[in-house]
Each structure stands twice: as structure tokens, then as C-alpha cells.
1. Could you pull out the residue among B:THR8, B:THR39 that is touching a strand residue (DSSP E or B) at 6+ places or on another chain (Cβ under 6 Å) and without any contact (Cβ under 8 Å) to a residue 40 or more places away in the chain?
2. Can you name every residue in region A:36-51 that is touching a Lys or Arg at 6+ places or on another chain (Cβ under 7 Å) and at pLDDT 85 or above?
3. Output the residues belonging to region B:145-180 that are exposed (fewer than 13 other Cβ atoms within 10 Å of the Cβ) and within 30 Å of B:SER127 (Cβ to Cβ).
4. Quick check on region B:329-340. Is at least one of its residues more than 30 Å from B:GLU210 (Cα to Cα), of a type outside the set (Lys, Arg) and in the same structural domain as B:VAL65 (by TED's automatic domain parsing)?
5. Going by the conditions given, is A:PRO104 without any contact (Cβ under 8 Å) to a residue 12 or more places away in the chain and in contact with a Ser or Thr (Cβ under 8 Å, 6 or more places away or on another chain)?
6. Please work out if B:GLY216 is crowded, with 22+ Cβ neighbours inside 10 Å, over 18 Å from B:GLU264 (Cβ atoms), touching a strand residue (DSSP E or B) at 6+ places or on another chain (Cβ under 9 Å) and within 14 Å of chain A (Cβ to nearest Cβ).
7. Among the residues of region B:250-262, are any surrounded by 20 or more Cβ atoms within 10 Å (Cβ to Cβ), touching a Lys or Arg at 6+ places or on another chain (Cβ under 9 Å), assigned by TED's automatic domain parsing to the domain that holds B:LEU180 and on the phi > 0 side of the Ramachandran plot?
8. Have a look at B:VAL314, B:VAL287 and point out the one that is at pLDDT below 90, of a type outside the set (Lys, Arg), buried (at least 16 other Cβ atoms within 10 Å of the Cβ) and under 30 Å from the mean Cα position of the chain (by Cα).
Amino acid sequence: MEQGPLLDRLRPYVPWGLAIPKDEGGRPTLLVTPGALLEVLEAARTHLALDALVDLTCWDRAPASPRFEAVYLLGQAGGSDRLTVKVQIEGDQPRLPSSVGVYPGAAWPEREVYDMFGVVFEGHPDLRRILMPDDWEGYPLRRDFPLTEEAVEFKGHTPKVPSEIIPFFRPHSPSGSGGDPPPVPG
Amino acid sequence: MIERTRETLTVNMGPQHPGTHGLLRLVLEIEGEIVRKCTPVLGYLHTGIEKEMETRTYLQNVTLVDRIEYVAAYMEEMAFYLSVERLMALEVPPRARSIRVLLCELNRIASHLIYLGAAALDLNISSVFMYAFADRERFLDLSEMVSGQRMMPGYFRAGGVAIDLPEEFFPAARSFLDDLAHRIDEYERLLDDNLIWRQRTQGVATLSREDAISLGATGPVLRGSGVAHDVRKLLPYGGYEEFAFDVPTQPEGDAYARYRVRMEEMRQSRRIALAALEHLPGGPVIVDDRKVALPPRHELAHSMEAVIHQFKLVSEGYHPPAGDSYVATESARGEKGYFIVSDGSNRPVRVHVRAPSFYNLQALPAMVEGRPLGDVVVAIASIDIVLGDVDR
């Protein structure tokens, strides 16, 4: 689908000041504020006939601010329209309104995002960890969550960090020499 | 007067249970024989693949990608590399595109054969299981010819495929596809004439069209509920626009409808694979950009430049420009896509896998609640989950 028409059709129904259309390689994308999220999703569902939540995920932008960006990919059953809705959230305990009321299929992916990033979806009917054990501490997919070997109690063995094995190269580093490790937020 | 009490019993099914097709646990509240509530508990196969991928270069990551939906690894690689290629704005040569489509469709047939065998075995029809797995074995042999591996091939590369198809692949693939036509008919006869199969699948594990859409189901589950939704048709990718095929649907939404859809899909996949085999374009199988593709082996013997490129690509890898990308593909189980965020370094910042089995499993409670306990096994088999895909 074209970039223009889809977003133009949505324009009358959402407060455009709170939603910024972006061009991302032909993918219609909206960057919205957390407060306008539900309104945008509802408008997309009602007025654009985007009746399926294809995917919902999140990523940690650290050390940039706002720290988290949740990504909603909306689609159409039997149609080819696609809309990406992004929302950036600040803080160590980020909160977002739950979209389960608009898209019932968001129930599990929201649990996954909560499990992996600690984003609390307000109004979610059953917000529990889904993939990690219930008593797990921390949020594994945050950038400051270290990836180490499992702590096995052998004498004199310190768990290694797998990311030390592969050298990190700065974007477009001129030579093959290793660069700084990836940024870890304070 | 006898007072009737409504009491439910909580039954734990799995994580070790042959009917769950992997490590899946279901907490079932049953009242007599009827399931009142079904709560899937996931994560028994969670291996942190998405986190691991952040520490590896793109070339290394294909090793992990293969292990997500391990029975459909070629389609998994297709989804991953299409997303990487969109980030890097790479154009894949025509021969490589056709080879990819050919292998994906052969892989789809093999994946559906696993479904067929496993679903039949769950209802104690073990002959179909044996026949289907014998046929799948022939795909594994083809895969071994192409990539050296029966499963987890690691054959696709950014900008193409690793090496050209070997000579012996063509007659073997053709004879596999030739035999397949009447083999599929035979399976269909074996199952459709089987009263047990029909009675245990027709009207069982029904998912309405509305529920299927709203719960995010895709693939044969959605098409079995009457929605003609196939990403290959709606958002053509990787060369599928050049091939003619039909999208089978069934309106009933039960386990039998999903079986019918998959049987027809095998025929359509055979059609695409035959067309790809027939009209395989000539030319290179990977882009000739030495910053992305490894140099051919024979150049390494006499070109210092090739050695340097080889060393740089293997140790450091390539740097996709900063940004994010997502390309939808139609895997054997539904929409598969990789959401990749790059910051311009040699490793992705975030990789998220849109896993069709995860979303399809979300629709399981809607299929089994209010139905007898014995239907749960049929329902799980009919959505054809791969737990590596659910838990990642």
C-alpha cells in the first residue's frame, strides 16, 4: 500500500499533534504519545479496517531517551494494508495503557513485553510473566541485563559473558580493530 | 431431592506429554469430561534466542535462526535475511530468488507432512505417520545435497544463497515432486475414508472467523476459518510475485478444515516448486558486493584481496545502516517476520521474531473450552505448533 493514502485516511480521526507520521522505507509509520495510543489504535481499527494485531514488541533504546519504544504492527485479515504504530516511553518503570480492549490478541504479546522489558500495561486482565519463570528477577531483554553463562557452582569457575567472545565493532569502524563495548546505561 | 454441585477438577497436561508436541503445559479445569478453562503455560523451551542474537554478527545469527522453527528452517532463514536485506537495500539476483522460493516450498511440503504424520498419530493412525515421515525423509536428503545439513541448513546468505544447487539435486527433486502428487492423493484417501479420523476432526476444535482474526491467528489456522489470507499473495516477497498459485480456504474452522487447507497447500507448493525447477534463471546466486558476500573459494588461492575480504566478513561481518525493518513472510504455520533494529554496528540491537505458533497457540483456549477433554489433543495437533517457535 502507498504511504500517503493510508495515513491520510487516518488523519481526520486522531489528534495529529500527538501522532507524527514517519517515512520508513515505504512502511506507513506513526509515532504517537502514550496518551494518544489507544485513540490511534481504535481509529485504525474502526476507520482503516485494520482488524488484526500482527505483532507487538518493544526495544530498549538505551542510552537514548526516552528509553523504550513499543512497536505495534497492525494488519488486515485478507487485506494488504499495514500500519506500524510506535510509542516511546520513559523511565525505569515504564507504563502503557493495555490494548487488549481494542485487540484481544494483544493479551499474550503484552505479557511478553512485560516479561522481557518490564513495561506495565495498565488494564491488562492477566499481566504475568509468560516465558521466564514466575520468580525471575529483572527484565532479560533490557540492554543492561547481562547475558552470562548460567551460574553453575563449580569451584574456581567464574561464569563467562558470551558477548566477550565476539569483538564489538563501532559503526563503520575504519579498521578491523575492536572498538568499545556496547553502551550500558548507568 | 438430590442436590447437584458444580465442581471442577484441575488437570495438569504436560509439559511432558506426547500430545503437546513439545514442552507445553496446559492447566485444564474440567467438569466431568468437559473442559471449562484452559490456561497454556509457556516458557519450558525458552532459550533466550532473541537476547543471544544481540551478541552475534548477522552471519553468525543464522545458526540461531534455524533453531527457532526447526522443521521449517529454510523459511525461517528467508524471513531473517529478507529483513536484513531490506535494512541494507540489497537486490538479490534472480537465480538466488528462485532457489530460495524452491527450497521454501519444498520445506513447506516437508513441514506439512510432519503435521500430517503427527496429527494422524495422535489419533492412532500410525500408517499415515510412517508414510508421511518416509516422504519427509526425501526432503531431508535434498536438503543435505544442497546445504550439507538435513535440518538447520544455514544455506541462505544476505544477498543470495551460499552456493549453487548441485547437479544431483535436480533429478532427485523432480522425482520427489513427481511421486508426491499421487502420495498426497493416497494420504487423503487413507484419512478421508477413515471414519475415526473424520469423526474426531470434523466439528472438533472449532475456531470462528472472528476469533481467529482477533486473536492474531495466521496461516492454515486462519485460512481454515475462512479468511483468504496468505502473505505470499497479499504482500509478495522474495520472488513469489512471479509464481502462480491458489490460496485454499475452508469456511468450517474445525480441525478437519485445517487438514484440508494443508493438503491443498502441499499441492500448491508442489506447483510452485515445479515451476521454479522448470524455469530456474541463470546467473550468479549471490550479489557480487565483496563487503556483503564471501568471495568464491577458488579466488582465495591467488587473490590477497579475497583473503582480506573473507577475513573481514567472517570476523567482523557487515554493518547494516541504522534503522529498523520488518518483512512479513508466510511460513508453514503463518506469518513469520523479523523485526530487526540496527544501530549501524556489526550486531543487531534488537531482534524480535513474530512467531506464528505463539499467536496460534493463543487461540487454543477458544477452541477447546466447552468441549470434551479428548479434543484438546486434536486441537493442539491441528494448529501444528512448534514449541521452539512459541518460546524462542
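The values are calculated or read from the model by the stated rules, or taken from the named source; none is laboratory data. Because the structure is predicted, anything quoted here is derived from the model rather than measured. Here Cβ is always computed from backbone atoms with ideal geometry, including for glycine, and neighbour counts include all displayed protein chains.
1. The match here is B:THR8.
2. A:ASP51 - this is the single residue of region A:36-51 that is touching a Lys or Arg at 6+ places or on another chain (Cβ under 7 Å) and at pLDDT 85 or above.
3. Within region B:145-180, B:PRO171, B:SER175, B:ASP178, B:ASP179 qualify.
4. yes
5. Yes.
6. Judged against the criteria, B:GLY216 is a match.
7. So far as region B:250-262 goes, yes, one or more of its residues are surrounded by 20 or more Cβ atoms within 10 Å (Cβ to Cβ), touching a Lys or Arg at 6+ places or on another chain (Cβ under 9 Å), assigned by TED's automatic domain parsing to the domain that holds B:LEU180 and on the phi > 0 side of the Ramachandran plot.
8. B:VAL287
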